[in-house]
Amino acid sequence: MTLPQLPRRAHRTRFTGFAAAGAALALVLGACSSGADAEAGEDAGADGADHGDITVQLSWIKNAEFAGEFFADSKGYFEDAGFSSVTLNAGPGATESIVLSGGADFGLSNAISVGQVVAEEDAPLKIVGTTFQRNPFTILSLTDGGDIATPEDLKGKRIGVQAGPNEALFDALLAINEIDPAEVTKVPVEYDPSPLVNGEVDGFLAYVTNESITVEAEGNAVTNLLFADNGLPFVAESVVTTQEMIENEPEKVKAFLAAEIRGWKDAVADPEEGARLAVEEYGADLELDMDKEIQQATIQIDLIVTDETEENGLFTISDDLIEQNLRTLAAAGIELEADDLFDLSLLTELLEEQPDLAK
């Protein structure tokens with residue numbers, strides 16, 4: 001049995017030569033961007049700012065995972081912020097490489113992928129805010145099969161793991177939970193969860209907001225072992241840009257974050273409309289399933305809205321969460337200081353200037 005599942009985030013397994021690869025890929029993605037990415041108008045934004053055109057590199061296909069971006073575009077929040085046109089480039093792609101090469105002004109990625117590029121290549125990239133406070137990575141299993149509910153349940157099991165950063169993450173999950181790798185059989189897989197459904201593996205490294213929903217929709221009861229709840233908390237769908245952008249165009253960064261926050265406020269408030277935007281407009285050529293997209297748009301709210309964002313606002317990252325990210329990176333063999341990876345100074349300025357965004 002093969003599930004109708006697109007490959008999940010084809011992360012890079014090598015990071016050398018990323019700038020040249022990113023430039024080439026950026027040209028391809030730019031040429032293929034969806035017609036649904038409408039121009040936001042020729043006039044300056046509501047505050048008189050004119051930041052010109054903007055390109056955003058998404059980490060995945062145009063599904064409900066990017067409902068906030070769809071709201072920000074369709075409701076004119078990017079235009080209000082001073083952007084004359086907005087292009088949302090669909091992934092998967094080498095987000096960090098594309099941003100570094102100038103193929104996109106901003107990209108959406110996660111702390112592990114960005115951290116690995118920064119550590120290995122000394123890349124001048126920073127995370128300036130984040131959509132997901134809690135990452136969606138999980139070990140997915142069938143309840144009437146492997147039923148992996150705790151790290152101890154991994155012992156003696158066959159786990160499907162994708163090569164690259166996902167493999168490093170899985171190894172870190174074992175290490176942080178003091179599980180001997182020899183007690184687990186790691187099976188190389190791609191991003192289609194069919195090996196799990198077909199019984200070839202007992203568990204499968206997945207997204208709780210994607211493959212887990214897909215497998216369950218096929219009539220299978222599922223069990224999820226969430227990385228965020230089992231020693232590996234880190235942010236995801238994080239906004240990444242270059243140090244040059246932060247230093248030379250800080251108002252552009254703040255304008256982008258303002259539009260993003262407004263869009264994600266709407267996405268949190270109306271997940272069904274976010275799903276509709278994905279199915280009928282931005283991802284219309286993907287034949288997305290409306291029920292699945294509504295479920296995804298609803299489930300991901302718990303990854304976005306936390307006690308800390310209720311207090312500090314969407315896209316913020318607390319000092320405690322940054323420390324948790326650094327510990328996760330260290331468990332994955334990536335040693336960084338907070339200032340190497342995060343720069344939240346412009347987000348802090350924005351929320352001081354526009355406190356309603358934090359409400």
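The values are calculated or read from the model by the stated rules, or taken from the named source; none is laboratory data. Since the model is a prediction, treat every value here as computed from it, not as a measurement. Cβ placement follows ideal geometry from the backbone for every residue including glycine, while neighbour counts extend to all protein chains displayed. Accessible surface areas use protein heavy atoms only, side chains included; no ligands, DNA or RNA. Shrake-Rupley method; radii C 1.70, N 1.55, O 1.52, S 1.80 Å.
Odds and ends about this structure:
- The distance linking the stretch 53-115 with the stretch 239-262 is 12 Å (Cα centroid to Cα centroid, whole angstrom).
- Relative contact order, percent, the chain [alpha-carbon distance under 8 Å, six or more residues apart]: 25 percent
- Pairs from 62/252; 75/359; 126/359; 75/265; 155/292 whose Cα-Cα separation, in the structure shown, is over 22 Å: 62/252; 126/359; 155/292
- Accessible area per residue in Å² at 1.4 Å probe, computed on the chain: 39 Å²
- Listed residues 267, 94, 217, most fluctuating in the chain (Gaussian network, C-alpha, under 10 Å): 217
- Computing volume of the Cα convex hull per residue in Å³ directly from the structure and comparing it against (1) 166; (2) 123; (3) 156 singles out (2).
- Mean Cβ count within 10 Å, highest first, over the residues of peptides 84-91, 65-72, 328-335: 65-72, 84-91, 328-335
- Here the chain is assigned +1 on the Cβ of each Lys and Arg and -1 on the Cβ of each Asp and Glu. Its dipole about the Cα centre then comes out at about 1060 debye.
- Carbon and sulfur %, accessible surface of the stretch 71-216 computed with the full protein complex present, 1.4 Å: 44 percent
- Residue 201 contributes an accessible area of around 10 Å² to the protein surface, as traced by a 1.4 Å probe with all chains present.
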